Every structure is written in structure tokens, then in C-alpha cells.
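Notes follow the structure.
Read the figures in this text as sums done on the coordinates, not as results from a lab. Note that this is a predicted model, so its numbers are computed, not measured. Note that each Cβ is placed from the backbone with ideal geometry, even for glycine, and that neighbours are counted across all protein chains shown.
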């Protein structure tokens with residue numbers, strides 16, 4: 001008997017099961033099937049509807065679509081397939097066409113059906129999607145469109161709300177913005193130096209720091225008017241924090257070769273300088289925010305390799321979860337993919353490190369030991385990221401212990417002193433982490449008690465103020481009358 005093909009189609013309105021006629025003949029002519037999908041009359045000749053299961057409600061549709069997207073078989077889908085598909089036997093063989101490989105493996109594991117998602121199946125599903133409102137009776141384009149829009153909104157809202165990596169996204173955006181700000185600040189500082197050097201060219205050689213140069217540009221303005229002031233030297237000393245350098249700036253301003261500048265040009269330079277200073281200040285605030293977020297999200301990784309390098313690793317991997325899934329060999333060359341593929345293509349030496357090169361450990365190692373220490377550091381980074389990702393209680397004990405291990409390995413390369421064994425170090429870290437977690441829990445309980453007491457006091461004070469006002473009329477408070485307790489007379493019992 002010829003093999004039959006059933007096709008499962010998931011839509012926002014429900015599940016639909018179709019049967020493809022003359023599957024073996026159609027599979028030989030895929031280009032003809034592509035053309036036939038555009039014509040509804042031809043398409044209906046070899047595709048028939050077997051069953052349709054509409055979703056009960058919006059929450060039911062969202063639950064089903066979440067299971068489908070994750071490659072998990074829902075109970076409704078399982079009951080629908082078991083009811084409408086024939087029982088497979090040696091004489092009656094069939095295969096089920098689905099759109100996704102994950103869904104195919106889930107159905108095959110649960111029900112044991114032979115599933116396909118290649119060859120002619122994608123073209124048949126494309127035709128079903130195109131003519132779905134004509135293949136299923138009682139459905140119109142408007143109803144299908146409204147179902148798709150409502151399910152799409154709820155699905156997107158749930159994905160954003162219950163995103164596991166939503167905390168990582170803040171770190172990723174912050175480090176990307178910091179990198180962009182660094183480029184912009186450097187470009188603006190170069191532009192400011194070129195612009196102001198027409199008036200005061202000697203200042204660029206005396207002051208090399210861009211932020212200090214911008215502050216001095218805003219302070220000095222017109223050099224001829226500035227050095228004539230009485231407290232000019234004191235003002236420059238406050239910015240530069242060096243008396244000899246401040247004196248050299250004053251002397252250079254007196255004998256400068258720069259041209260005179262008009263007030264309009266000076267106003268524009270001052271406005272541009274204030275923008276540059278505000279960007280630099282914002283960059284400092286953003287860096288503080290990134291450090292605090294990294295201590296909350298990945299305390300061990302940040303204590304091991306630093307907040308900036310750790311944030312760059314998370315950003316390049318996409319999330320902390322992805323970074324924790326990477327092996328240490330991938331973490332080692334993360335960020336050097338172009339150099340790796342270039343070396344593989346030209347059969348040259350592969351790179352020894354990527355983003356972890358910016359850590360202090362590799363810079364301190366000798367030229368012969370840079371590859372070794374980068375491999376060791378990548379191993380410790382993968383361990384730290386896994387601890388941060390999957391541990392319930394946040395603590396940086398493991399990160400500090402792993403950092404000590406890297407330090408000991410550096411000493412071993414230099415002096416030959418044997419480092420501690422990894423098993424002993426992890427036992428010490430587990431003991432210290434347990435103590436640290438207990439302290440954190442005690443502090444949390446104290447904070448919760450204080451917060452509850454403050455809420456109680458607030459509620460009592462609100463009730464007291466509301467109790468003294470009846471129907472908007474002010475009622476005078478009744479003064480507290482001291483209650484005098486009568487002393488009981490002691491009864492003397494004669495013996």
C-alpha cells in the first residue's frame with residue numbers, strides 16, 4: 001500500500017490536520033507543487049481537511065503556542081493527533097509533516113509517529129497558510145487576522161515580561177552604550193583640540209587628558225582676558241591639581257602664538273565644551289550603574305575578571321545563560337572569531353585569546369605563558385559564569401577564590417611554587433559561601449522586619465488621622481485621662 005502523508009498546521013485559531021493525496025507522485029514534482037500553491041482550485045485537488053481543533057480561549061491559545069515554540073508537545077495537540085490520525089501498522093503506513101524539527105522530534109518521542117519537515121512538506125504548508133480561510137469552512141480573513149493579531153500581542157507581551165535574560169539585557173545595553181560613548185567622546189575631544197588650538201595651541205602640549213583639557217577650555221575662554229584676572233592661577237590649580245603645570249599654562253597664555261578669537265566663535269566653543277563635559281560625566285555615572293548591575297547579576301565573574309570584561313563577555317555571548325553554556329575553549333577565543341576563521345582558512349596559527357586579553361592577568365604573564373594563562377583564565381571564567389547563572393543565592397566567594405587560583409598559577413609560571421589543588425579550594429569556597437549566605441539571609445530578615453514595622457506605623461498613623469475626621473468635620477481629640485487603679489485590700493487569714 002502507498003504511504004500516506006498527513007500535514008499538521010498550527011494557526012492562531014487552532015490546530016488543523018490535512019491529508020495530501022498521491023503523496024509519492026507529488027513529492028517527485030516539487031516545482032509543480034510550488035506553482036500549484038498559488039492556485040486554490042489546483043491546490044484543493046491534492047490537499048483535503050481531515051480535522052480542525054479551535055482553541056478554547058486566548059490563554060489556551062497562548063499556552064499552546066508557547067509549547068509549540070519551545071518544541072514541547074501540548075496535551076491538546078496530543079489528544080488531537082491521537083483522535084484523528086489512523087493507527088500505524090505494516091499495511092497502513094503514514095508520515096506526519098510538520099513545520100519545525102523540534103516539534104517533529106517531540107511528536108516522534110511521545111507518539112512514535114514518523115515525522116517529516118523537509119522535501120515537499122514546506123511547500124504544502126506554504127499553500128495551506130495561503131489558502132487556509134478557503135480550506136476550513138466558517139473562517140474568514142478578518143477573523144483569522146484578528147486572531148493572529150491578538151495572539152501575536154499576547155505572545156510578545158509574555159516573552160518580554162517573562163524573559164529570563166531581562167536582567168542581562170540591561171548589562172548588554174550599558175556596555176554597548178559605554179563603548180559608543182568612548183568613541184564619541186574621543187572624536188569630540190579631538191575636534192575640540194583642533195578648534196581651540198587656533199586660539200591657544202600651546203595648551204594641547206601641556207595638558208594631554210581630554211577631560212581636563214575640556215574643563216580648562218571652558219574656564220579660560222579668551223586667554224588674553226583670563227590671564228589678566230587676579231585669581232587665574234588659583235582657578236587653574238583647582239582643575240589641574242599641579243602648581244607647576246598651572247604656572248606653565250599662565251606663562252604660555254601670555255606668550256601664545258594663537259590668533260585672536262571673536263565672541264561668537266568663543267560662545268560656540270563653550271557650548272560644545274559643555275556638551276563634551278556632560279557626556280563624560282554621564283559616562284562615569286553609567287559605569288557606576290554597570291558595576292552595580294554586574295555585582296547583582298554576575299558577582300563571581302565580575303570579581304574574577306572585572307566588571308567591564310565580564311560585561312563584554314556577556315554582551316558578546318548574548319546572555320549569561322549562553323555564556324554559561326559555552327565551553328572554556330569558546331570563552332577563550334570569544335571576540336576573536338575573524339582571526340580564528342582567517343587562521344583556519346590560511347592554515348596559520350589560531351588566536352590564543354579574545355576579549356579576555358583585556359584582563360590584567362594576561363598582561364602580567366610572560367610572552368611564553370600568555371597562551372597558558374589565557375586557557376586557565378577561560379576555564380575559571382566558564383566556572384564562574386555557571387555558578388552565577390544557576391545558583392539561587394548570589395555571593396562573590398567563588399569568584400574571589402577563583403581569582404586567587406589564577407594569581408597562584410601566575411606565581412607558579414614565574415617561580416615554580418605549586419598552587420593549591422582545585423578540590424581543596426572549592427571545599428573552602430563552599431564553606432565560606434554557606435557562612436556568607438547565612439549572613440545575607442539575616443540581613444534580609446532584619447530589613448523585612450524594619451519594612452513591616454514602618455508599614456504598620458504608617459497604617460496606624462493614617463487610621464488615627466482618619467478617625468479624628470467624621471464626614472469631613474473636624475472633631476477635637478479627647479485628652480488622655482489617667483486611669484487610677486484601686487488597690488485591693490490584703491485579706492489577713494488567721495492561722
**Message:** Using a 7 Å offset from Cα along Cα-Cβ at residue 364, what residues in region 408-430 end up with backbone N under 11 Å from the label point?
**Reply:** 408-412
**Complete:** Expressed in angstrom and rounded, the centroid-to-centroid distance over alpha carbons for region 319-354 and region 102-135 is 37 Å
**Alpha-carbon Debye profile of region 335-382, log10 I(q)/I(0) at 0.25, 0.26, 0.30 Å⁻¹** = -0.92, -0.96, -1.08
**Asked** Counting other C-beta atoms within 10 Å, which of 395, 110 has the fewest, and how do the rest follow?
**Response** 110, 395
**Complete:** With Cα coordinates, the longest principal axis of the chain makes an angle with the long axis of helix 243-254, in degrees rounded to 10, of 90 degrees
**Asked** How big is the Kirkwood radius of region 256-340, worked out from every pair of different alpha carbons and given in Å to one decimal?
**Response** 16.3 Å
**Request:** Show that you can apply the helix-only estimate: for the chain, add -39,500 (n - 2.57) for every DSSP H stretch of four or more residues, divide by all residues, and state [θ] at 222 nm to the nearest 500.
**Result:** -20500 deg cm²/dmol
**Asked** Going by alpha carbons, how many degrees (0 to 90, nearest 10) lie between the helix axis of 101-111 and the longest principal axis of the chain?
**Response** 50 degrees
**Request:** Between residue 191 and residue 83, take the C-beta separation as r, use R0 = 56 Å, and let me know the FRET efficiency to the nearest 0.05.
**Result:** 0.20
**Request:** Principal axes first, then extents: for the Cα atoms of region 54-119, list largest minus smallest coordinate on each axis, whole Å, largest first.
**Result:** 41, 24, 19
**Using alpha-carbon coordinates, inclination of helix 166-196 to the longest axis of the chain, degrees** = 50 degrees
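If I take all pairs of Cα atoms in region 299-438, what percentage of them are more than 17 Å from each other?
Working: 5858 of 9730 pairs.
Above the 17 Å cut-off, region 299-438 has 60 percent of its Cα pairs.
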**Request:** Report the paramagnetic label zone for residue 130: residues of region 35-61 whose backbone N is under 17 Å from a point 7 Å from Cα along the Cα-to-Cβ axis.
**Result:** 35-48
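Between residue 242 and residue 70, what length in nm is gained on full extension when 0.36 nm per residue of separation is reduced by their alpha carbon distance? Mind showing how you got there, number by number?
Values: separation 172, 0.36 × 172 = 61.92 nm, distance 6.26 nm.
So the chain would gain 55.7 nm between residue 242 and residue 70.
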**Request:** Sort the following peptides by mean Cβ neighbour count (other Cβ atoms within 10 Å, averaged over residues), highest first: 331-344, 415-428, 209-222.
**Result:** 209-222, 331-344, 415-428
**Asked** Could you state the principal axis extents of the C-alpha atoms in the chain, from the largest down, to the nearest angstrom?
**Response** 115, 104, 65
**Complete:** Once both label points are put 7 Å beyond Cα along the C-beta direction, the residue 350-residue 206 separation in nm becomes 5.5 nm
**Asked** Along each of its three principal axes, how wide is the spread of alpha-carbon positions in region 4-161, in whole angstrom units, largest first?
**Response** 47, 35, 25
**Request:** Determine, for 59, 273, the number of other Cβ atoms within 10 Å of each Cβ, and report the residues in order from fewest to most.
**Result:** 59, 273
**Request:** Between residue 114 and residue 170, take the C-beta separation as r, use R0 = 60 Å, and let me know the FRET efficiency to the nearest 0.05.
**Result:** 0.85
**Message:** Could you check the spin-label model distance between residue 100 and residue 444? Points 7 Å from the Cα along Cα→Cβ, value in nm.
**Reply:** 3.4 nm
**Fill in**
The FRET efficiency for residue 281 and residue 462, from their Cβ-Cβ distance with R0 = 45 Å and rounded to 0.05, is 0.65
**Fill in**
Distribution output for region 198-298: share of Cα-Cα pairs per 10 Å bin in percent, first bin at 0, values 14, 41, 27, 11, 6, 1
